[in-house]
Structures are given as structure tokens and as C-alpha cells.
Amino acid sequence: MATEPSAQRGYRAACPNCGAPVEFRSAASAFAVCSFCRSTIVRDGAALRRIGQSAELFDDHSPLQLGAAGRFQGEPFTLVGRLQIGYGEGTWNEWHALFDNGRSGWLSEDNGRYVFAFDAPLAAAPQPATGLQPGQTLNVAGQPWSVASVTTARLIAAQGELPFRPALDRPFVVADLRSTRDEVGTLDYTEPGAPKWSVGRSVAIGELAMTGLAAASEKTLQARGVECPSCGTALEVKLATTQSIVCHQCHAVVDVSQGVGGDLQHYAQENGSEPQIPLGTTGTLALLGKGPLPWQVVGYAERCEVGDDEQTFWREYLLYHRQEGFAFLVDAEDGWSWTAPITGVPERAGEAVKYQGVLYRKLYDYTGKATYVLGEFYWKLERDALTYNTDYQGTGGFAAKRLNRERTGSGSTQEITWSAGETLTADAVLKAFRLAPDKRAALQRDALPASGNAASLLAKLFFWGFVLAVVLIMFRCDGDDCSQLRATYGEASTEYQNCLRSSSGGGFRTGGGSFGGYSSGGSHK
């Protein structure tokens, strides 16, 4: 564990406001926040001077804390400072990491995972924040970047040792950029003039060999109590990153992104289907290029495609692993798949894109909307919020691979998120979550014969004829003839129940789902 940076000589003096000890571990640090009275302190030679006061930290139950240590790229580091930043969708943390070799970096929260970034010089200032738009290509420090989001934020509170004075008195703009090199870039317009620039990569807590984490992070996080503002039922917020939770009694969606102590925003929703994989179920899956790991279902969403034609529906299960973060399991009519947000962006190749050496062809564009949710989510859920998606499929020997580009918000609040994943068989899902064998028929989405001979071709024609008949039944607006779905999937199946309640259209998306889940807005959120 890195406790005292070996290459630096520490400095400690009494807080000029309350007398408590204030420590500077790095010679490069000029500012600190007193842990006792929250005074913002500037070091002026051998003396300390009080220049303001930080607000109290919002208790977001982060597993990270001051003094926690780890290793990144073989180098030991210790977390010595923290910036807590708020924006319209919630909060995120920037942790000041001091390495034993004297280097300073930032460990920041990002879509349920983390980014380790380092400040970098800018030879020429890029365009002003007012000229940035999500989706545009920007040249920064001689490299092309894609703008993912432009967020107006404010510093809520600061803690510990910092390399610059915390700007607690004004809002500022942060632009989140992504590259084809799987890097994250941040333009921070806190100060007038040229922005601060940092570059980093996505990491998981498990990769950092962290010690000294908050005690509750070593296992399932201790629950935070909150009362449902709709029906009064006691709710438990179990995940540190939860921004929205659904009441298990009345199914109201409750916003906890701004804390659980005051009035909570919420909205009611109509009952949907019970998930075929129950909340809380743990399955062993090999995702994100890792070996088999236990992933727990913590959230469930039903989504529909919005357009001029018949509505189609699909399901997404939010999966959680305490060290790897979040991933999604997608259940669509043409098959199962998993997906997770990626750090970088693919390289454009006409209508296709290229990512990690694989060429992906474009499948289709569509607009999605969540119609029903259960469980906990690391983003703020809003009624009737739309997502604008484009799906891509791998070519050649990589047909099982999928990419999704998702745009959320509008105007200055837009964000663009890319996700990657692969298809799964129904049997793999059944086995991973140890579901009862009698659920196999209801889970089956991938019964297409695999061989390419003439008999198989005829079988495919019959198969797709059957699928077309089923889909036409599922898409009926009157919902009065679901007998074939009942015969195929069973009376208790979600397919049959959806058909019964499909007065406004039914079924599932036949393109394989969104492959994108949701994003949470903002930069390093």
C-alpha cells in the first residue's frame, strides 16, 4: 500500500481557521481543504492562508475515499484529494491521485466504471466551449477527437489536497471527448481563457489492486434507506452509483440523484411484464473480454421503438459486478446479446465503422423509449425520454459482434455513447443464470439452422415463414388473436402476455435490441 510518497517531502501545518493539521504530500500541491472546518487553504511559502470555505460533501456512498491506494501501470498511488461535481443529471467525483514517483493524476467516475487521466499541455487552445457540439470532430493536441458531450457543471465540494484552487463560486463547462485510440479526453473550461486538458483510459477497480476502500465496497454495498414518495413503502438503495430506483410496491420511478434527504422527484408507471430473469439473480458470464465472472441482475427495462410503423418492444437487463461495473443483457426477438459502453469511438468507413480491427456494417437507425422499468439504475430515468440509436453488425467471421451508437438529450444537453457486445444463445443464458429447464422455450430466440445445404435452406424458408407469421400476430393492434403465441411459448410466457395487452402494438424489436443500454449524461459522470 502506498502510504507516503517516497519521492516527495511532505509538509504539514495548522489550519489558520481552526488549528487542525493540514497536510501537503506533494510539492506541486498549492491548495488543500481542511478536513475539520472545510476551509480552503492556499500554501504561501511556509505559511497557510484561508481563502474560502468548501461546502459539505454530498454522501454519495462512493467506494473510494481519501487514503485508498492502488497501482496503475505498475506505479503505486494514493488518493489524496477529491472534487465532487454536480450537473443536471446528478453528481460525479474526480479523485486526485498522487503517485510515489511524484506524478499526479485523476481517477474519475465514468458510466459505472472509471477513467484514469493525466493533465496534458495544450500548444494551441481549441475553439471556445460555446462552439462545441456533441458528434463533431475536433482536433486537440494534434489528434482527432469526437465530442461525446458538453456539460454545464458546478463544483459542489472539495476535500483533501489539490493541485489548483477549487472554483466553488461559479458554473463551468466540461467537454467529454473520445478517440479511436480508446482514450477519453476532457476540456475543462473552469477558468477564463484556455481550458485545462487531460487524457485518460477506462479502468475497472479490480485492475487497480485497490486497498483502503470504504468498508461496504468489499461486498454488496450497504443499503441507504428512503421512503417511496408515492406510497410510503420503505426502499433500500443498495448500489453506490444508483441515480433512480423503482418502488417494488407501486412501481413508481424515484429520482435519488440529488440525495435521499429531501423531497424526491418521482413518476408513476403502468405495470409491465415480470422479467424472465428475476431481479437479484446472479449469472456467470464472460463479458468485457474477461473470464467468467458473477454478474447480478440489478435493473430491468422494457423499451419500444418509436416511429410511424407498428411499435416493437425488447427487454434489457442491467448487470452489475462490484469491480467491473455494469453491462447489459439484451433480449430481442432475433436473439440474446450482451453489451457495455466503450471508452473510445469506432473509425468511420463510409456507412460502416471499424473498431478494434473489425469492420461493422450498418443495420438500421431507430428511436427508442423506455416503457417500463424495475430495480436500480446508475442514470437518472425520465418519463418518455428518447434515445436515437444506430446498430452495427460485425462482418466476416465476426458476425456475432455488435456495436451501437446512442444519442440522448437534445441541444446543449446531448450525449453520444458507443457500446460493444456479442450475441448469446438462449441456452447460454439459461445455463448462466441457472434457470429452470421449462423456461427454455420462452427464452429461445436463436433456433435458425446453422448449416448451408439445400435441406437447410428449405428449413430456413419454413422457419422464417413461421417467424413472419408470429411477428404479424405480435404486431396486431387489436390484440385479439394470440393463440399461436400461446401454443408456441406457453400461456404464462411474456410473449403471450404482451400480445394480450398489445392494443397499441406489441412484440419485440427484430433487429437485436439497442445494444446500447443508456447513458447518464455529462463528462466523467
> Hey, what did the stretch 238-303 get for relative contact order, percent, Cα under 8 Å, at least 6 apart?
Replying inline: 20
> How would you order 376-389, 201-214 from highest to lowest mean count of nearby Cβ atoms within 10 Å?
Replying inline: 376-389, 201-214
> What list do you get for Glu236, Glu347 if you sort them by fewest beta carbons within 10 Å?
Replying inline: Glu236, Glu347
>> To check my understanding: the extent here is largest minus smallest coordinate of the Cα atoms along each principal axis. What are those three numbers for the stretch 270-437, in Å, largest first?
In response: 45, 39, 31
> Quick one: which of 293-302, 268-277 comes out on top by average Cβ neighbours within 10 Å, and what's the full order, highest first?
Replying inline: 293-302, 268-277
> Give or take rounding to whole Å, what are the principal axis extents of the alpha carbon atoms in the stretch 310-395, in descending order?
Replying inline: 40, 38, 24
> Given the C-alpha centroids of the stretch 162-188 and the stretch 386-407, what is the distance between them in whole angstrom?
Replying inline: 29
> Pulled fully out, how much extra length does the chain show between Ala125 and Thr233, if you take 0.36 nm times their separation in residues and subtract their Cα-Cα distance?
Replying inline: 33.6 nm
>> Quick check for you: which residues of the stretch 410-432 have the amide N under 20 Å from the point 7 Å beyond the Cα of Thr367 toward its beta carbon?
In response: 410-417
> What nm distance separates the two modelled labels at Gln249 and Arg383, each placed 7 Å from Cα along Cα→Cβ?
Replying inline: 2.1
>> If packing is taken as the average number of other Cβ atoms within 10 Å across a peptide's residues, how do 121-133, 148-160, 348-360, 393-405 rank, most packed first?
In response: 148-160, 393-405, 348-360, 121-133
>> Report, in listed order, any pair from Lys290/Lys431; Lys196/Lys354; Lys238/Lys290 with a Cα-Cα distance greater than 22 Å.
In response: Lys196/Lys354; Lys238/Lys290
> Which whole-number percent gives the relative contact order of the stretch 270-437, counting Cα pairs below 8 Å spaced six or more residues apart?
Replying inline: 20
>> If R₀ is 22 angstrom, what is the calculated FRET efficiency for the pair Gln73 and Lys196, using the beta carbon separation as r and rounding to 0.05?
In response: 0.50
>> Starting from the 7 Å offset along Cα-to-Cβ, what nm value, one decimal, do you get for the label separation of Ala436 and Asp182?
In response: 4.2
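Just so you know, all these numbers are worked out from the coordinates, no wet-lab data involved. Owing to the predicted nature of the structure, the values given are computational and were not obtained by experimental measurement. A quick note on method: Cβ atoms are made from the backbone with ideal geometry, for glycine too, and the neighbour counts reach across all protein chains shown.
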